[in-house]
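Worksheet: the structure to be examined is printed underneath.
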There are 2 protein chains.
Amino acid sequence: MGVTYLDLKNANVARVRAAIRSGDYTGHTAGLGAGYLQANVVIMPEAYALDFMRFCQRNPKPCPLTGVSDTGVPMMQTMGQDIDIRRDVPAYSIYRDGVLNGSATDISDLWQDDMVAFALGCSFTFEHAVQTAGIPLWHIQNDTTVPMFRTSVQTVPAGRFDGPMVVSMRAIPQGRIDEVTEISRRYPLAHGSPLHVGDPGKIGIADVTQPDWGDPAPIGPGEVPVFWACGVTPQVAIEQAQLPLCITHKPGHMLITDVAEDAEVPILRHPE
Amino acid sequence: MGVTYLDLKNANVARVRAAIRSGDYTGHTAGLGAGYLQANVVIMPEAYALDFMRFCQRNPKPCPLTGVSDTGVPMMQTMGQDIDIRRDVPAYSIYRDGVLNGSATDISDLWQDDMVAFALGCSFTFEHAVQTAGIPLWHIQNDTTVPMFRTSVQTVPAGRFDGPMVVSMRAIPQGRIDEVTEISRRYPLAHGSPLHVGDPGKIGIADVTQPDWGDPAPIGPGEVPVFWACGVTPQVAIEQAQLPLCITHKPGHMLITDVAEDAEVPILRHPE
């Protein structure tokens, strides 16, 4: 029995996650569970987990780590009361030896005793804050995917994990650059302040109208392209690492957590 | 040939670290290398490193991870141009099976191919910011160690690592609580905002005049005790974990890094 996006648009987080767990909702999560942190998901064998954590620690802007499971335990205990990472993401991508090998809406049959699940913050949080400040974001107003680009900036490697920094671009009015920088810096779990403002060529982007991922977005008169570190960066590093098995969320189909999106730390059990 | 604290008081970071590496300076680091991030240090066999990283991720206020070495590599490459973690800390504590077993000013002979070194942020950064805002801190003005207390608040465990949250106490004028909270929240790598404001009993502290570590500090008229998560927390967790070998900095004798203390992320090679 399918549940539509509109059915869930104003539902609380528990209801949204229940619809996802049951398999009734398998769509994207943008705009769902308003006010709560959404996360990218990466699941891999423990043998690679320490290096992947090091990669995240060394590249905190593209890879802001918000949660890590115990080995073989699919519950993300610090991010929610009852989050089963095998079933609570609407859709998963399955990589074998670095190659996309299939997708699924439930990975219970692929879960192994040596698996570790990671959750990484995404840009939704700071996008909400920017819009709340009255700065419009074209891709949201036009219901497209933000344009993303491979850059010439390199990540700091760790073990097998390495690769270029991927950025997302948002066109911002010239007069509001400082403000948008200040706002985004307040959200280190949502990629923090911009990686670069102004000249796409400076970070190796040849044509800002031709994104490598997502949809093109215009840069209007009086607007400046602003580039933020992007959650596709670890995705590229994971593909290059060619792990025998690695499972991620399907782009746009995130984990919705019980952590408030403006929480100082993404730890539910952390006493405040 | 000894070098004194006063010799180094206004020296740059490279000069301070050189005096430490050569063994000419083995004292405490408070006030040295002004403007640069100082870090607590924990070194352990790789077998425990993934759980310790999980412990830090789950307890970001007491354990703000600022750097992690590769396994067997003593250089902290993301925090400085030339930081050798075996020699660049003025003094080390050596724990065997969870018991303090000795100290050293150079641990080259104890370093093993399976060692991983961790650096964790400390409170110096936010203390500077608080003082700059014109809020005096009694323990600094009186050249004593901040009072620290074991609390009834529990950390979120990971593997062997577990234990109570340890806090430091600073007495703050009632009218400036909001300000000091706001300032400290800006420094997530220096323990962030307070864990508790006001009532020591609420977090299991029976007598606020009798600290478990450090020196007593008075709470003056019109002042309120404010408690921040403290870097002794991982120290207690490490002792409880009873690792066969674990090496830490000696309290007060920190690693001085090349990372600016107000850096958004503690990664030198991270492109900004």
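Annotations
- Residue A:166 touching a helix residue (DSSP H, G or I) at 6+ places or on another chain (Cβ under 7 Å), surrounded by 22 or more Cβ atoms within 10 Å (Cβ to Cβ) and away from every other protein chain (no Cβ under 14 Å): no
- Restricting the stretch B:104-115 to residues that are exposed (fewer than 15 other Cβ atoms within 10 Å of the Cβ) and polar (S, T, N, Q), the residue that is nearest to the chain's Cα centre (by Cα) is B:108.
- Residue list for the stretch A:18-39, restricted to those being surrounded by fewer than 18 Cβ atoms within 10 Å (Cβ to Cβ) and either assigned to a helix (DSSP H, G or I) or within 14 Å of chain B (Cβ to nearest Cβ) (or both): A:18
- When residue A:173 is tested against the conditions (1) within 14 Å of chain B (Cβ to nearest Cβ); (2) over 20 Å from residue A:239 (Cα atoms); (3) not aromatic (Phe, Trp, Tyr), the lone failure is (1).
- Flag if residue B:192 is within 14 Å of chain A (Cβ to nearest Cβ) and closer than 21 Å to residue B:55 by Cβ: yes
- Residues of the stretch B:134-162 that turn out to be within 14 Å of chain A (Cβ to nearest Cβ) and over 14 Å from residue B:194 (Cβ atoms), as a count: 10
- Of all residues in the stretch A:67-95, those satisfying the criterion of being within 14 Å of chain B (Cβ to nearest Cβ), assigned to a loop (DSSP other than H, G, I, E, B) and buried (at least 22 other Cβ atoms within 10 Å of the Cβ) are A:69, A:76, A:78, A:79, A:80.
- All positions within the stretch B:105-134 that are in contact with an Asp or Glu (Cβ under 7 Å, 6 or more places away or on another chain) and in a loop (DSSP other than H, G, I, E, B): B:114, B:133
- Test: residue in the stretch B:28-48 that is acidic (Asp, Glu) and out of contact with any Ser or Thr (no Cβ under 6 Å at 6 or more places or on another chain): no
- Some residue of the stretch A:204-216 being more than 11 Å from every other protein chain (Cβ to nearest Cβ), under 28 Å from residue B:192 (Cα atoms) and surrounded by 15 or more Cβ atoms within 10 Å (Cβ to Cβ): no
- Test for residue B:42: is it β-branched (Val, Ile, Thr), without any contact (Cβ under 8 Å) to a residue 24 or more places away in the chain and not in a helix (DSSP H, G or I): no
- Taking (1) under 28 Å from residue B:79 (Cβ atoms); (2) touching a residue at least 40 places away in the same chain (Cβ under 8 Å); (3) under 18 Å from the mean Cα position of the chain (by Cα) in turn, residue B:185 satisfies each apart from (2).
- Count - residues of the stretch A:255-270 that are buried (at least 19 other Cβ atoms within 10 Å of the Cβ), more than 14 Å from chain B (Cβ to nearest Cβ) and at pLDDT below 95: 1
- Answer residue from the stretch B:40-58, given it is within 12 Å of residue B:159 (Cβ to Cβ) and among the aliphatic types (A, V, I, L, M) and is farthest from the other protein chains (Cβ to nearest Cβ) among those: B:44
The values are calculated or read from the model by the stated rules, or taken from the named source; none is laboratory data. From a predicted model like this one, the values you see are computed outputs, not experimental measurements. Cβ atoms come from the backbone with ideal geometry, glycine included; neighbour counts cover every protein chain shown.
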